[in-house]
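Note sheet for the following structure.
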Amino acid sequence: MIPVTPTLALDDRDLEERFIRSAGPGGQNVNKVSTAVELRFQLHGHSQLPDDVRQRLATLAGRRLTLEGEIVIRADAHRTQERNRAEALERLVELVERASHRPKPRHKTRVPRAEKQRRIDHKVRRGQVKAQRGRPQGED
């Protein structure tokens, strides 16, 4: 189990790691060794994620979510498998942690009547200023 919050953890059985060739730093080594990590997390797997967290996680994942319900995270910034693996796992945990926060509900508010009146008065004043800018009329 991978802890995310004190009450939430990810099951190891939902994670799948694949090592692929990296396009990042590494010199000639980059052509020989598979250091990049592709971490796949089954959204509807063994992890006991609440439905609302699962839904927010799918939204936050965006295009990293496949049609099969897997979140794919690719890490290839470092030269070693271990550091790339740690970075991919850290990014997944951070994503799940962000999804675990319930957004505060928005309360509709009204614009005060005085504010509406100030806006209208300002528009009228600006209109009068612009009307005064033309050529003088009637004295030709």
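The values are calculated or read from the model by the stated rules, or taken from the named source; none is laboratory data. The structure displayed is predicted, hence computed values, not measured ones. Virtual Cβ from ideal backbone geometry, glycine too; neighbours counted across all protein chains shown. Surface areas here come from the heavy atoms of the whole protein model, side chains and all, with no ligands, DNA or RNA. Shrake-Rupley method; radii C 1.70, N 1.55, O 1.52, S 1.80 Å.
Here the chain is assigned +1 on the Cβ of each Lys and Arg and -1 on the Cβ of each Asp and Glu. Its dipole about the Cα centre then comes out at about 1440 debye. Within the accessible surface of the chain, defined with a 1.4 Å probe on protein heavy atoms only, the carbon and sulfur portion equals 49 percent.
Across the range 41-90, the fraction of Cα-Cα pairs farther apart than 13 Å, rounded to a whole number, is 62%. Over the chain, the pair-distance histogram of Cα-Cα distances with 5 Å bins from zero comes to 2, 9, 13, 14, 10, 8, 6, 5, 4, 4, 5, 6, 6, 4, 3, 2, 1, 1 percent, rounded to whole numbers. For the range 14-140, build the charge dipole from Cβ charges (+1 Lys, Arg; -1 Asp, Glu) around the Cα centre, then report which of Ala75, Ala86, Ser100 sits farthest towards its positive end. About the Cα centre, the residue reaching furthest to the positive side is Ser100.
Take the chain with all the other protein chains still there, run a 1.4 Å probe, and you get 78 Å² of accessible area per residue. Partners of Lys104 within straight-line reach, counting aspartates and glutamates whose Cα lies under 20 Å from its Cα and excluding those fewer than 8 residues away in the same chain: Asp51, Asp52, Glu94.
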